Structures are given as C-alpha cells and as structure tokens.
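In what follows, a single structure is set out as structure tokens and then discussed.
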2 protein chains.
Amino acid sequence: MPENTLYPHVSVDCVVLGFDGSQFNVLLLKRTGIEGSQTFNDLKLPGGLIFSDENLDDAAHRIVGEHINTNALFLKQFKSFGSPSRTSHPRDVHWLEKAVQLKIGRIVTIGYLALLRISSTLRFHSKDVQAIWVPLQQVGTLAFDHNQIVEEAVREVCEIVVRDPSTVFNLLPKRFTASQMRVVYEALFGQPLDVRNFHKKMSRMPYVVPLDEFEKQVAHRAARYYRFDKKIYFKVYGGFYPGRSSLYGQ
Amino acid sequence: MPENTLYPHVSVDCVVLGFDGSQFNVLLLKRTGIEGSQTFNDLKLPGGLIFSDENLDDAAHRIVGEHINTNALFLKQFKSFGSPSRTSHPRDVHWLEKAVQLKIGRIVTIGYLALLRISSTLRFHSKDVQAIWVPLQQVGTLAFDHNQIVEEAVREVCEIVVRDPSTVFNLLPKRFTASQMRVVYEALFGQPLDVRNFHKKMSRMPYVVPLDEFEKQVAHRAARYYRFDKKIYFKVYGGFYPGRSSLYGQ
C-alpha cells in the first residue's frame, strides 16, 4: 500500500430511497470485515472512491448501476460530508484499506440521493448478492457516518416535498386514493397524520384532481381516485418567474 | 514540491452574493499570476484547499472570514464540482502550485453560497486589498471553472427564491415599496418584469402586508410601503407538515 495520509480521498455515497406503497426503504450493501480477531457483518451505503478520470455524477451512476438499472434514475447531489472524524472507526479504516488497497487518511464524500417507486419492474442485477432494501425504520448502525448521510438525505427529501409537492406523485400510481397519498407523507415524515386534516389540505391542492372513479371490490367504503395535474401544478408553483436562462443576464 | 498526482485535492469555493439595492454583486479576489513569460491579472472566487483537520463548513467560514465578517453570514453548501478538467488551464495550475507549494493534479471543490444585503455596516477587513464586489453583469472570465460555479450559485438562489420567497425579504429594508421588491427579482432573474403583473402577483402574497405609510419627499407619486409578515408566511408555506425531528421515525 502506498503511504499517503497527507491528502484526503474523495468518494461518492448514494442514498437510494425506494417507496414500496407503505414505507420507504434504503438501498444498502452487505459488508463483511474483520475487527480485532472477529469477523463482523454489517451494512453500508453504495459508495466508493472516484476514479481519477471520472466526474462526480458519473461515479454515482457507476456505483448505483452496479446494483440496479440507473437509466431512469435521477441521482441528485445533495451534500458533501467532510468531517475529519468520519473515517475514525478502526473497523471502517481496516475494511476500506483492504478493499481499496490504499492507506486511507481522510475521505471527503459527495452524497447523492435518488427517489423511486419500488415496482415489479425494478430488480437487482441477477448476479448481485450484496444489495438489499431495508425499511428506514429498521436501519441499524451502518458503516462510517452512513447513518448521518441517510438521515440528511431523508431530511432533504422532506424539504423537497414541502417545497415541491409534485415529487410525491412520482411515488404514487397514476390513479391514487387519498389514503395512498397520505401514506407517502406519513412514511416520509415518520408520523401519522390526521385523516380529516389531510383531506382538507388535499382539497386545497388544485392540482390534485378528483376523478369520477372509485375503488372496486373493497370491503370498506370505496374510496375515490385522484390524479395529479401537471399543468395546474405548474401554474401554481412554476409559472411565477421565468427561468434564468442566461449567465449573468447576458 | 512533493510529487503527488495520484489523489484529488479538496477545496472549498465560496460564492458570496451581495445585493446593493439595485443589483447583485459577487465577492471576488484579485489574482496575479504568470503565464509563459507574461504576468496576468484576473479574478477568482474566495477559495482554497481544506486543512487536514478542518471540516468543510469551517473551511468556508475561514476563507470568507479573511475578507468580511462572517458572524451573521449563512454559508450554505450548494454543490460540489469535480470534473477532472476543472484544473486543466496551465495558468491556473501554475498559479495554484506556486500558491500552495504542492504539485496539483485534480481538485474536487465544494461550493458554498451566501446571500447578503450590502449595507453601510458591511466592510472588508481594513487590511484586505484583494477583495472587491463585482456586479454580476460585469463578471468577466474568472479563474478555473469559477464562472460555472457562480452561474450555478445564481441558479440555486433563483430556485430557492421561487420555492421559498421569504429569502427575498432579507435583501430588502424592513419597509419596502413594490418597486424595491420588483428590482430584487429583476436583478436575480436577469430580466425586467412587467410592473402591473408584478403588483398583481404581490397582491396574491398574503404575507406581503401593505402599510398605511407612503414614501415622503419624492418627485413621483409617493409609493406605498409594505412589510413581510413571517407568521402569515409560515402558515402558507411552513405549516403544512411537521418537521421530521427524529431519525428513521424512532
């Protein structure tokens, strides 16, 4: 291993959040390492050092692409993590130095985030035995500072959703009931929401359009279906100011 | 100079945007370097390599703090820039290697952003001869990829303002006229806005409260003053969903 603790390494870590209809799951990789004389098994985010000739977005796509098809995936850079102590745990340092065959001092990592609906068409690559979906509520202690990275990614998604509610509709079927929509918010914000209040809020979203269609063959009272109207949404949220198309107003 | 082109270096670059009542200015530093046998003078963003024991936010505050008082300044990390070609210009490489006394291969830089109102109380440190405010419209070719970083910072501010219009009121006096408010948007989006339309949009912002006070001693018709009401704003924008306080809903 070349000795080099002078300069930080740069990595990319990806928080891929998948909504399965009832809860959010995070894409994690199984890791096996050695601490002292003991073998341990735990989980980590998909991540790794960037290649010397690779830009950051490409690294993120390469890394997630090892596990799922990223063609339709929007990987958004959301935050960099650079605390000098983030690689301080001996088990992490030992595991990483073995994995990359480099002496590791400090690593600055660029956090990426993707949000998707876990549908029947989404599959792990057939040879992949490392990746699993773990419900957010069941995530234990992860490698490095990956708990913090997941936490900040979830907070980022909450902020995005509050500011740009259209995000939610990518996680729902084209026709959805009020309770399906409520469940997305409940899962994301980690707490139950009052049903009646939620209905009231929904009725104030002109871009959530009620349909004359109802659930069929259900034991409870058949719920109404709604759809998301992009045009109305754009009028409410996007149409206020023009995009800034040119640099420095030139 | 120690030879080391194997690993990327990590730096921080800061886009401090100051609104002066009529336009946005960016904080830039004068740079003198040598290209071939010629001396050149140009401008760069405040930035630099992170110290080995320093986290990213601290580095940003240290770097901007060399020029202005950062106590009241919110420096927000907005994006990392890691294209392998961003340090490809020979004049940049030469200048940097001389400045930091290191052989430089690739640099991944973490972009920070701050937005402030240039007021009479804001001054450069008295010994600082390097820093200047340059109106966005007059920014020429900057060092490295700093034009791109400025451009993306401005785009980020536009997005923040569209999603969270309260940002605008930090750039205005406590009492402001409609035209003062319009000028902020015009300066930011780099294009004139229709006066009547803007008034209409303003009247649909319940948190922009008209006062019974008018301009005094003006040649034109005295304009009404408005104020920003945080409580009403919070009801409209912030009060919909609870903050996600705990990790993974625990």
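Here is how the numbers come out for the structure above:
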{"quantity": "Given charges at beta-carbon only (K, R positive; D, E negative), |dipole| of the protein assembly as shown in Debye", "calculated": "2180 debye"}
{"quantity": "Extreme residue, positive dipole direction of chain A, given options A:Val154, A:Gly190, A:Pro135 (C-beta unit charges)", "calculated": "A:Gly190"}
{"quantity": "Cα-centred dipole magnitude for segment B:173-238, charges only on beta-carbon of K, R (+1) and D, E (-1), debye, nearest 20", "calculated": "200 debye"}
{"quantity": "Per residue, in Å², the accessible surface of chain B once ligands and nucleic acids are set aside, probe 1.4 Å", "calculated": "51 Å²"}
{"quantity": "On Cα atoms only, tilt of A:178-189 relative to the major axis of chain A in degrees", "calculated": "30 degrees"}
{"quantity": "Sequence-distant lysines (8 or more away, or on other chains) whose Cα lies within less than 18 Å of A:Lys200", "calculated": "B:Lys235"}
{"quantity": "Segment B:9-161 - percent relative contact order, Cα under 8 Å, separation 6 or more", "calculated": "37 percent"}
{"quantity": "Accessible surface, 1.4 Å probe, highest first, among residues A:Glu35, A:Glu54, A:Glu215", "calculated": "A:Glu35, A:Glu215, A:Glu54"}
{"quantity": "Three-way shape label, segment B:173-238, alpha-carbon gyration tensor, a/c 1.5", "calculated": "oblate"}
{"quantity": "Candidates B:His146, B:His199, B:His61, ranked by Gaussian network fluctuation over chain B, Cα under 10 Å, top entry", "calculated": "B:His199"}
{"quantity": "Label spacing, shortest first and in nm, from A:Asp194 to its equivalents in the remaining copies (7 angstrom along Cα→Cβ)", "calculated": "4.1"}
{"quantity": "Helix A:56-65 vs. chain A, principal-axis angle (Cα, 0 to 90°, nearest 10)", "calculated": "80 degrees"}
{"quantity": "Inter-copy separations for A:Val134, label at 7 Å along Cα-Cβ, nm, ascending", "calculated": "4.8"}
{"quantity": "For segment A:41-125: lysine pairs under 22 Å (alpha-carbon distance), excluding those fewer than 8 apart on one chain", "calculated": "4"}
{"quantity": "Under the Karplus curve 6.51 cos²θ - 1.76 cosθ + 1.60, θ = phi - 60°, whole-Hz ³J(HN,Hα) for segment A:150-159, x wherever Gly or Pro sits", "calculated": "4, 4, 5, 5, 5, 4, 4, 4, 4, 5"}
{"quantity": "Dipole axis of the protein assembly as shown (+1 Lys, Arg; -1 Asp, Glu on Cβ), positive-most option in B:Ile68, A:Asn69, B:Leu115", "calculated": "B:Leu115"}
{"quantity": "Hull-based mean projected area of segment A:100-140, where the convex hull spans the alpha carbons, in square nanometres", "calculated": "5.5 nm²"}
{"quantity": "For the protein assembly as shown, alpha-carbon Rg over 2.2 N^0.38 Å", "calculated": "1.09"}
{"quantity": "C-alpha long axis of helix A:90-100 to longest principal axis of chain A, angle in °", "calculated": "80 degrees"}
{"quantity": "Most mobile of A:Val139, A:Val64, A:Val26 in a GNM of chain A (Cα contacts under 10 Å)", "calculated": "A:Val139"}
{"quantity": "Candidate residues B:Phe40, B:Phe214: accessible-area rank, largest first, probe 1.4 Å", "calculated": "B:Phe214, B:Phe40"}
{"quantity": "Loss of accessible area when B meets A, both sides summed, Å² nearest 100, probe 1.4 Å", "calculated": "4700 Å²"}
{"quantity": "Table column - 3J(HN,Hα) (Hz), segment A:23-38, Karplus curve with 6.51, -1.76, 1.60, x for Gly and Pro", "calculated": "8, 8, 10, 10, 6, 10, 10, 6, 10, 10, x, 10, 10, x, 9, 9"}
{"quantity": "Dipole magnitude of chain B about its Cα centre (Cβ charges: Lys, Arg +1; Asp, Glu -1), debye to nearest 20", "calculated": "1120 debye"}
{"quantity": "Sequence of B:Asp212, A:Asp13, B:Asp128 when ordered by accessible area, the most exposed leading, probe 1.4 angstrom", "calculated": "B:Asp212, B:Asp128, A:Asp13"}
{"quantity": "Threshold 50 Å² - residues in segment A:68-82 whose accessible area is reduced by that much or more when the chain is no longer isolated, probe 1.4 Å", "calculated": "A:Gln77, A:Ser80"}
{"quantity": "Under 14 Å, Cβ to Cβ, from B:Thr109 - net charge with Lys/Arg +1 and Asp/Glu -1", "calculated": "0"}
{"quantity": "Overall dimensions of segment A:9-162 as given by Cα atoms, namely Rg and Dmax in Å", "calculated": "15.1, 48"}
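The values are calculated or read from the model by the stated rules, or taken from the named source; none is laboratory data. Computed from a predicted model, the values in this text were never measured in an experiment. Cβ sites come from the backbone with ideal geometry, for glycine too, and all protein chains shown count toward neighbours. For the accessible areas, the whole protein counts, side chains as well, though only heavy atoms, and no ligand, DNA or RNA atoms are used. Shrake-Rupley method; radii C 1.70, N 1.55, O 1.52, S 1.80 Å.
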